[in-house]
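Engineer: Okay, handing you the structure first.
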Amino acid sequence: MNIVVCVKRVPETAEADLKIASDRKAIDEEGLAFQINESDNYALEQALLIKEDLGGEVTVLTAGPEASEEVLRMSMAKGADTAVRLADDAFADGDAVATAQALAASIKEMEYDLVLTGCMASDDGATAVGVALAELLGVPHATYVVEMEIADGKAVVGRELEGGLVEKLDMKLPAVVTIQTGINEPRYASIMGIARASKREITLKSASDLGLAAAVVGAEGSRTQILGLDYPPVGEGAEILEGTPAEASGKLAQVLKEKGFA
Amino acid sequence: MNEILVLTEHLNGEFRDITFEMLTKARSLADAGGGKVAAVLFGSGVGDLAEKLTLLADEVLVSDHGSFANYNSAVYQPVLAEVVKSRGSSLVMIGHTAFGVDLAPSLAVALEVPLATDVIDVKHDGGAFTAMRQIYGGKINEEVGFGGAAQVMVTVRAAAFPPEEASREGSVVELGVDVPEEPALRRFVEYVEAAIGDVDITKSEVVIAVGRGIREEENMAMIEELAELLGGVVACSRPIVDAGWLPKDRQVGSSGKTVKPKLYVAVGVSGQFQHVSGMKSAETIVAINKDPKAPIFSAAHYGIVGDLFKVLPVLKEKIGELRA
């Protein structure tokens, strides 16, 4: 069972105070910590679990700048066998479909049974690369997968729908599966693993290596464009209870008392 | 603008809210831009449903076929591609739901049309569509253009457009399209309902919800204590379930439970829309978060911007003092 895992390096922004860059097309990345996209980390873990069960090789694949090699190395430290980075300025700033074009061209060169990726990137939130990739590869797909078994050339998966409902379906391999967070417990890399991975080779592929014209990938190949970023308008919003923790808590306790909760 | 085509979504014989939300937006765009609204209804034995859309849509395009008995994007995609292509629809709207997300990107690739996902607004100015979406968990808005394409596609966030009444007298049209059998490559098996646990968070008048900000499992005790003090139950946002600190039936949000308690206290919850959609109807919402720009403060009535590890202990004291 050969598995390709598509991963993305993203900034950790859950608790960060974000600033929009002066061109208003991106955020200012200074001071932000970067890591593997959360659901991609679960996808990697799922690939490693399947490999432990059925054998085969796990390849991690990313399209991104040199800095994203840290995500590939960390993936190898956890057990991925090989790593490929789509390294070409032509790939930069692509929308979800343009990024899927680059990934698809690279995966078509590999022998694979299964492609796993996270269901959503936490930065752009597109939720689209995996499904676009499946269409470009001409294989079936399933999204938001929270349960997964491989048997007899098939993937039997459970998709998470709204309200906690799970849709079970089966697919013939090869297939693309986008993994939802919570499906497993991602492992941590060992110190030994990290040391070994630091010396491993990462295969680099340019657009021309993959036979791709610049016009179908990256910003040029994107059918959508970012016109501009802005901060969401501040709505009515909450009445902020100001002061030190003690003062604010005192005010909140008073509010709760007035409303009959305290 | 030619036509705005809306893919309706239904489950167990009922339209989901997203259907009316999209049709409402489509109606207002079409009325302003001189276009028409077509609602596409795929299903098995859904004839009666079509009439429910004729007040909002100019045409309800129906294909009733056994292959549509359960939603399968592998069946929907080729049929919908054919419909969009033959009608030359200017804008295609699909829900940014578990169903829509499974379908729209492959449809956009097949039709070679631009796609913006999870949009919260769509505009039509000077003959071109633009869309607004949110990135970085709702902290930044992104305006997206479609390069002047004649056909564009969006997936629409739930609850982005409040549904409104309309008084069209649309017609119901049978689509003469070939519907394939469900392909062997991807087959629907069954729906499995979520298991019911020992605590039903939808029944409690006070819900204390905890999010990623709690950091460590051992800190969960602080939340339990606050819940006990206020006579409520502990609920959570997705990361807490992912970490295995609470069971799935405690999760509030679009893939979890929807709650409407009298008091909802969100502690260390950033407030991504998936979570907010499950609690925004609570009577009183209090948020405690250290990031003043956290989206949860837009949903809350009262907020404390601060470190929950400093706020919670003293809050418990203050409540105790008021009771003494």
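The values are calculated or read from the model by the stated rules, or taken from the named source; none is laboratory data. Treat the numbers as computed from the prediction; the structure is a model and nothing was measured. So basically every Cβ, Gly included, is an ideal-geometry build from the backbone, and we count neighbours across all protein chains shown.
Engineer: Does the range A:161-215 hold any residues that are over 20 Å from A:V84 (Cα atoms), within 11 Å of chain B (Cβ to nearest Cβ) and of a type in the set (V, I, T), and which are they?
Structural biologist: Scanning the range A:161-215 gives A:V166, A:T181, A:I183.
Engineer: Further, regarding this structure: Just give me the residues in the range B:288-314 being assigned to a helix (DSSP H, G or I) and either farther than 22 Å from B:A221 by Cα or outside the structural domain of B:L226 (by TED's automatic domain parsing) (or both), in sequence order. So that I can check it myself, show each step before the final result.
Structural biologist: Filtering the range B:288-314 for residues assigned to a helix (DSSP H, G or I) gives B:296-299, B:308-314.
Residues satisfying the conditions are B:I296, B:F297, B:S298, B:A299.
Matching residues to (1) surrounded by 24 or more Cβ atoms within 10 Å (Cβ to Cβ); (2) touching a helix residue (DSSP H, G or I) at 6+ places or on another chain (Cβ under 6 Å); (3) under 25 Å from A:E236 (Cβ atoms):
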{"site": "B:A209", "(1), (2), (3)": "yes, no, yes"}
{"site": "B:W245", "(1), (2), (3)": "no, yes, no"}
{"site": "B:G253", "(1), (2), (3)": "yes, yes, yes"}
{"site": "B:K262", "(1), (2), (3)": "no, no, yes"}
{"site": "B:V265", "(1), (2), (3)": "yes, no, yes"}
{"site": "B:V269", "(1), (2), (3)": "yes, yes, yes"}
{"site": "B:Q274", "(1), (2), (3)": "no, no, yes"}
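Engineer: Go through (1) under 21 Å from B:A300 (Cα atoms); (2) at pLDDT 95 or above; (3) out of contact with any Leu (no Cβ under 7 Å at 6 or more places or on another chain) one by one and return the number of the condition B:A159 breaks.
Structural biologist: Against the list (1) under 21 Å from B:A300 (Cα atoms); (2) at pLDDT 95 or above; (3) out of contact with any Leu (no Cβ under 7 Å at 6 or more places or on another chain), B:A159 comes up short only on (2).
Engineer: Going through the range B:53-76 one residue at a time, which ones are crowded, with 21+ Cβ neighbours inside 10 Å and in a helix (DSSP H, G or I)?
Structural biologist: Correct list: B:L53, B:S73, B:A74, B:V75, B:Y76.
Engineer: So B:E193 passes all but one of these: (1) among the acidic types (D, E); (2) within 28 Å of the chain's Cα centre (by Cα); (3) at pLDDT 95 or above. Which condition number does it fail?
Structural biologist: (3)
Engineer: Give the residue, chosen from A:A126, A:A121, that is within 9 Å of chain B (Cβ to nearest Cβ), closer than 21 Å to A:A105 by Cβ and modelled with pLDDT of 95 or more.
Structural biologist: A:A126
Engineer: Part of a strand (DSSP E or B) and more than 14 Å from chain A (Cβ to nearest Cβ): does that describe B:S28?
Structural biologist: For B:S28, the condition - part of a strand (DSSP E or B) and more than 14 Å from chain A (Cβ to nearest Cβ) - is not met.
Engineer: Oh, and also: Name every residue in the range A:230-262 that is of a type in the set (S, T, Y) and facing another protein chain (nearest Cβ under 7 Å), in order of residue number.
Structural biologist: Hits for the range A:230-262 are A:Y231, A:S249.
Engineer: In the range B:291-324, which residue that is at the interface with another protein chain (Cβ under 7 Å from one of its Cβ atoms), in contact with a helix residue (DSSP H, G or I) (Cβ under 7 Å, 6 or more places away or on another chain) and in contact (Cβ under 8 Å) with a residue 40 or more places away in the chain is nearest to A:Y231 (Cα to Cα)?
Structural biologist: Of everything passing the filter in the range B:291-324, B:L315 is nearest to A:Y231 (Cα to Cα).
Engineer: Please go through the range B:248-287 and pick out each residue that is at the interface with chain A (Cβ under 8 Å from one of its Cβ atoms), over 13 Å from the mean Cα position of the chain (by Cα), of a type in the set (G, A, S) and part of a loop (DSSP other than H, G, I, E, B).
Structural biologist: Selection gives B:S270 alone.
Engineer: Considering (1) surrounded by fewer than 24 Cβ atoms within 10 Å (Cβ to Cβ); (2) under 21 Å from A:N41 (Cα atoms); (3) within 7 Å of chain B (Cβ to nearest Cβ); (4) not β-branched (V, I, T), say which one A:E135 fails and leave the rest.
Structural biologist: With respect to (1) surrounded by fewer than 24 Cβ atoms within 10 Å (Cβ to Cβ); (2) under 21 Å from A:N41 (Cα atoms); (3) within 7 Å of chain B (Cβ to nearest Cβ); (4) not β-branched (V, I, T), A:E135 is out only on (2).
Engineer: A further question follows. Test of understanding: among B:A160, B:A166, B:A149, B:A116, which residue is surrounded by 21 or more Cβ atoms within 10 Å (Cβ to Cβ), within 28 Å of B:L41 (Cβ to Cβ) and of a type in the set (G, A, S)?
Structural biologist: None of the others qualify; the one that does is B:A116.
Engineer: For the range B:166-190, name all the residues that are among the hydrophobic types (A, V, I, L, M, F, W, C), under 27 Å from the mean Cα position of the chain (by Cα) and assigned to a loop (DSSP other than H, G, I, E, B).
Structural biologist: The one that is among the hydrophobic types (A, V, I, L, M, F, W, C), under 27 Å from the mean Cα position of the chain (by Cα) and assigned to a loop (DSSP other than H, G, I, E, B): B:A166.
Engineer: So the check is Cβ under 7 Å with 6+ separation or different chains; which pairs have a first residue in the range B:96-116 that's of a type in the set (S, T, Y) and a second one that's assigned to a helix (DSSP H, G or I)?
Structural biologist: So the pair list comes out as B:T97/A:E162; B:T97/B:I18; B:S106/A:V131; B:S106/A:A132; B:S106/A:A134; B:S106/A:E135; B:S106/B:S73; B:S106/B:Q77.
Engineer: Cβ-Cβ under 7 Å, sequence separation 6+ or interchain: first residue in the range A:203-229 and of a type in the set (S, T, Y), partner part of a loop (DSSP other than H, G, I, E, B). Which pairs?
Structural biologist: A:S206/A:A87; A:S206/A:D88; A:S222/A:G94; A:S222/A:D95; A:T224/A:D95; A:T224/B:P114; A:T224/B:F146
Engineer: For B:K139, only one of the following conditions fails: (1) farther than 17 Å from A:V97 by Cβ; (2) within 14 Å of chain A (Cβ to nearest Cβ); (3) surrounded by fewer than 19 Cβ atoms within 10 Å (Cβ to Cβ). What is its number?
Structural biologist: So B:K139 meets the others, but not (3).
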